[in-house]
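Undergrad: I am attaching a structure below and will ask some questions about it afterwards.
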Amino acid sequence: MFQGTFALFNRALCVDFRLRRTHLFRFLFAVIILFCLISAQLTRWTIGAPGLVLFAQIIYLNFVFILMSSISLFATAITEEKEEQTIGLLLMAGVNPVSLLLGKSLPRLISALLLLSIQFPFTLLAITLGGVTFSQVIAAYTALAVFLFCLSNLGLLCSVVCARSRAASTLVVLSLLSYFLGVPLLAWAVDAMVDQKWIAADSFLVNSVTQIYNWLQQSSVITQLNRILISGFSDTPWGMQFWSNLFLGIVLFGFACLFFNRFALTDVAMSPGRGIISKKKSKLFSPGRTWMNALMWKDFFFVNGGFGMALIKFISYGIALIALCSFIGYTTHSYSLEEIGLTLFWSMFIVILIEISLIAGRVFHVEVQWNTLVSTAMLPQSMAYTAYSKVGGCLLGLIPAFFYLAIGSVLSIEEIFNNLGTIFSEPSFWMTCVEVLFFWHLTAILSTHIKWGALPLAFILMWVGNMVFFFSVSLLSLFVKSVAAEGLIVVFTLAMLSGIVISHFLIKERLILLASR
Amino acid sequence: MNEPFPNQPVIDIKNVSHSFKGHRALQGISFQVNQQSLHGFVGPNGAGKTTTLKIICTLLRPQGGKVEVFGHDVTSAVKDIRKRIGFMPDHFSTYRQMTVFEYLDFFGAAYGLGVAQRDQVINDVLTLTDMDGRKDSLISGLSRGMQQRVSLARVLVNDPDLLLLDEPASGLDPRARIELMEILQELKRMGKTIFISSHILSELAELCDSVTIIDRGLVKYSGTMDGLLTQEQEHPCYKLTLESEVAGLADSLANEPGVINVDKTDRARELRLSFDASITTTGNLLSKIIELQGSIESFQRDKKHLNQAFLDLTEQGVR
């Protein structure tokens, strides 16, 4: 019965072994742990319980790694077969759905578990450094392993239900957001309503939300890890978090099996859809005639949804901002126009950051994914012009968010101007700006090299880079008194600026290469 | 159309070589393509056809040798060359979420044409490719043959002097293939130079004036189609189909001066005969057949020998 599983398992391990990037990733992981070890060793005289610091670093590194794996690795288990149109062939070869699901998800789960287990001996060094007990190490890895199992099955279910990897990854992100943020936000909103005396404190709704919130708190891996990382932890690792995550993982796998026949055999479109772009003559939803900058036109309409999508964003952001401001106004009782402006400004600032990150991951990837670069590259213009035009077209999609950002700026202009002087004089402000720019460029480069997951991978790399940087700064300031942190920030900022400039050339060369393939 | 360059080849390839990760895709190839000709570029899979095409259309820089298109070097005059050529790759490289009109309008604008000019050009190319009724169809909803026509229409939007077509007929059904070849003949009549690659020589035999045969990165033959047959076939071979079987005709023809061989095929009404062109002619043979009461249905050069010529020139084995 499980011959198919073993065949798929064998193939997955062989492919994994042959790929250079998997070894590079493991090497990078080992280097980070080694770096954490060195920093813990060097700071043992100045920081109390350096073992606990090392342990916490490694555990949170693993937590982020597991989150990113669920978005990129586990969420593509079945969708990659759908995109290659090989599911039908596998089923015809006698592989039953359960074997197929196991064969696709188990190798990824085992690779990730192996990565966790390999670190185990190194983590034991934290005990030697002091501040950590063996039971804490066991409890932390157990919590992470069972969380990994749960997320692998969440990814698998999303992969079964969704037609494409991108949709599956998005569904995983939404599920995680609702798990980690949705219920706490709901609980907070309910609390606020109780404070306002809109609903009774002992009503069914309040009781239910509180009950769910408490249950989620107990089953949350973050709560469990925070408990484990407190000095003197000696509880059993087989607590509520373990059993709930294990049970949820099994249930999710059951759902994946249940939905397989319903969703996995549907045909995957072999061309990108038009989204909301209409074929009929419509001022808002049809692309109309091509602009003189044809590439900008194409990306504005066919990657970003054109004027129709801009209108939808305009209305949605407006409604969301009105709701947010109303809620804050009602709960705080003193909500000035300036504060409303700041709310608008910061909300839209975050939206713009997210939107540009998504654009960075898509702008070149769509051309690579649908094999259309060769036609674009044959136009009598440079690849740089092509690339900048595409980016320009995508950035036009930001107009609704910028509109509200501008309103926010006008309403809180005094506050913003008062703070500008302080902010601009901070080297860390410039470093953050450059770092965000670098992140977008890194995402764009990665999107031309890998089939999926450029955004999470760029996020991991940036996170690791930041961690290494801040440790380096801390270490240097401890041992070399003459080195100012500001100086290092400037050096780091300049290095990233150079990286940004270089990335423009790298993207251009990469696109030329891809067009010629 | 731009001004022609008299006495100058449109494509001039001199000793070009190119490698990918240690594999020598092209090993010093040289050939020329004359203007307003339909030039076939034939070779087995992996021979280096697509690499050569990509170098000609400026997508790849040659690692050795020199390539000139309209007298411009492909490494330095990229924009000038791109304005005058149209390249159709061997895979669908269309924005399939667009309608046919949107797609052609996009490329028209990208080539710098104004709205009125674009309308005119799009109507012209749609008429030429017989796609008038499909203007508002989504490309993703079209058949493979229709999508190939859209690609061809796109290539024609900027009115190029040179068309570079990489295996345009692959994957098409016989009708779509014939229709595509008719469009190419029409384009040739319009004065375009067409460089078309294929791995099937017989497919291009009726269409092309000249041909280059490439195998394992080496040019095996470059010249006229007739030259290929003359070179490779010392004795031309023809297939004769009669309206009805004539007893003794094969033996009588075999005894004619200059006739080297007469074979009966599986069909009773068919004969395959080869002859020494220096001794007799097709005219003599046809007169003799009529004299022997043979009612001729068709008399044509045997394609099998064209394929044989290709096989003789190229090495065996799939790469």
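Undergrad: Determine ³J(HN,Hα), in whole Hz, for all residues of the stretch B:24-41 in sequence, where each value follows from phi through the Karplus function 6.51 cos²θ - 1.76 cosθ + 1.60 and θ = phi - 60°; x replaces Gly and Pro.
TA: Result, ordered by residue: 7, 6, 10, 10, x, 8, 9, 6, 10, 10, 7, 6, 6, 10, 10, 9, x, 10 Hz.
Undergrad: Beyond 24 Å between alpha-carbons counts as too far, so tell me which of A:K451/B:K135; A:K82/B:K49; B:K83/B:K188 fall in that bin.
TA: A:K451/B:K135; A:K82/B:K49
Undergrad: In degrees, nearest 10, range 0 to 90: what is the angle between the Cα axis of helix B:144-156 and the longest Cα principal axis of chain B?
TA: Between helix and principal axis, roughly 60 degrees.
Undergrad: I need the calculated FRET efficiency for the pair B:R24 and B:T75, taking r as the beta carbon distance and R₀ as 22 Å, to the nearest 0.05.
TA: 0.65
Undergrad: Which distance in nm do the two modelled labels at A:A323 and B:E206 give, with both placed 7 Å along the Cα-to-Cβ direction?
TA: Roughly 6.6 nm, to one decimal.
Undergrad: Given a Förster distance of 56 Å, report the FRET efficiency between A:L89 and A:Y335 from their Cβ-Cβ distance, rounded to the nearest 0.05.
TA: The pair A:L89/A:Y335 has a calculated efficiency of 0.40.
Undergrad: Working out 0.36 nm times the residue gap between A:V468 and A:E486, then minus their Cα-Cα distance, what length gain in nm do you get to one decimal?
TA: Gain on extension, A:V468 to A:E486, equals 4.9 nm.
Undergrad: Taking all protein chains in place and a 1.4 Å probe, what share, in percent, of the accessible surface of chain A do carbon and sulfur account for?
TA: Within chain A, the accessible surface is 73 percent carbon and sulfur.
Undergrad: Would you mind giving the total buried accessible surface between chains A and B, with a 1.4 Å probe and ligands, DNA and RNA left out, rounded to the nearest 100 Å²?
TA: By this definition, chains A and B bury close to 3000 Å².
Undergrad: Something else now. Which of the pairs A:K280/B:K54; A:K281/B:K192; A:K390/B:K79; A:K283/A:K390 have their Cα atoms more than 31 Å apart in this structure?
TA: From the list (A:K280/B:K54; A:K281/B:K192; A:K390/B:K79; A:K283/A:K390), the Cα-Cα distance tops 31 Å for A:K280/B:K54; A:K281/B:K192.
Undergrad: Evaluate the Kirkwood expression for the hydrodynamic radius of the protein assembly as shown, namely the inverse of the mean inverse distance over all pairs of different C-alpha atoms, and round to one decimal in Å.
TA: 32.3
Undergrad: At 7 Å along Cα-to-Cβ for each site, give me the label-to-label distance between A:E414 and A:I38 in nm.
TA: Going by the 7 Å Cα→Cβ label model, 5.2 nm.
Undergrad: If you don't mind, there's one more thing I want to ask. With θ taken as phi - 60° and the coefficients 6.51, -1.76 and 1.60, list the Karplus ³J(HN,Hα) couplings across the stretch B:171-181 in order, rounded to whole Hz; mark glycine and proline as x.
TA: These are the phi-based 3J(HN,Hα) values: x, 8, 6, x, 5, 4, 5, 4, 5, 5, 5 Hz.
Undergrad: Which residues of the stretch A:349-394 show a drop of at least 40 Å² in accessible area when all protein chains are present, compared with their chain alone (probe radius 1.4 Å, heavy atoms only, ligands and nucleic acids excluded)?
TA: A:N371, A:T372, A:V374, A:S375, A:M378, A:L379, A:P380
Undergrad: Where in chain A are the DSSP H helices whose C-alpha atoms run 27 Å or more along the long axis and whose mean Kyte hydropathy is at least -1.0?
TA: Counting only whole DSSP H runs, the qualifying helices are A:20-42, A:50-72, A:97-129, A:134-161, A:240-263, A:306-332, A:337-362, A:427-449, A:454-479, A:485-516.
Undergrad: While we're on this one: At 7 Å along Cα-to-Cβ for each site, give me the label-to-label distance between A:A192 and A:S278 in nm.
TA: Result: 3.7 nm between the two label points.
Undergrad: Full-extension gain between B:D90 and B:S278, please, as 0.36 nm times their residue separation minus the C-alpha to C-alpha distance.
TA: 63.4 nm is the gain from fully extending B:D90 to B:S278.
Undergrad: Any chance you could check the stretch A:243-284 for residues losing 30 Å² or more of accessible area when the partner protein chains are in, compared with the chain on its own (1.4 Å probe)?
TA: A:S271, A:P272, A:R274, A:K279
Undergrad: Zone of B:H235 (label point 7 Å along Cα→Cβ, backbone N under 12 Å): which residues in the stretch B:248-288?
TA: Those under the cut-off are B:254-263, B:273-280.
Undergrad: Which whole-number value in Å² is the accessible area per residue of chain A, probe 1.4 Å?
TA: That works out to 50 Å² per residue.
Undergrad: Which far-off residues, 5 or more places away or on another chain, put their amide H under 5 Å from the one on B:F275, with H placed in the peptide plane?
TA: For B:F275, whose amide H was placed from the backbone, the distant partners under 5 Å are B:I260.
Undergrad: What FRET efficiency comes out for B:S17 versus A:I350 if R0 is 41 angstrom and r is the Cβ-Cβ distance? Round to the nearest 0.05.
TA: The value I calculate is 0.15.
Undergrad: Another question, if that's okay. From zero outward in steps of 10 Å, how is the percent of C-alpha pairs of the stretch A:163-241 spread across the bins?
TA: Per 10 Å bin, starting at 0, the Cα pair percentages come out as 16, 32, 29, 19, 3.
Undergrad: Further, regarding this structure: What is the Cα centroid distance between the stretch A:346-407 and the stretch B:38-89, reported in whole angstrom?
TA: About 31 Å separates the Cα centre of the stretch A:346-407 from the one of the stretch B:38-89.
Undergrad: Among the trypsin sites (Lys or Arg not before Pro) in the stretch A:228-333, which ones are in a DSSP loop with at most 12 other Cβ atoms within 10 Å of the Cβ? Mind listing them?
TA: Sites meeting the loop and neighbour criteria: A:K280, A:K281, A:K283.
Undergrad: Amide H to amide H, which residues 5 or more places from B:I194 or on other chains are under 5 Å from it, using H placed in the peptide plane?
TA: Result for B:I194 returns B:S37, B:L38, B:H39, B:L163.
The values are calculated or read from the model by the stated rules, or taken from the named source; none is laboratory data. Every value quoted in this text rests on a predicted model; they were computed, and no experiment measured them. Neighbour counts are summed over all protein chains in view; Cβ atoms, including those assigned to glycine, are modelled from backbone coordinates with ideal geometry. The protein model used for the area step is the full one, side chains on, heavy atoms only, and it has no ligands, DNA or RNA in it. Shrake-Rupley method; radii C 1.70, N 1.55, O 1.52, S 1.80 Å.
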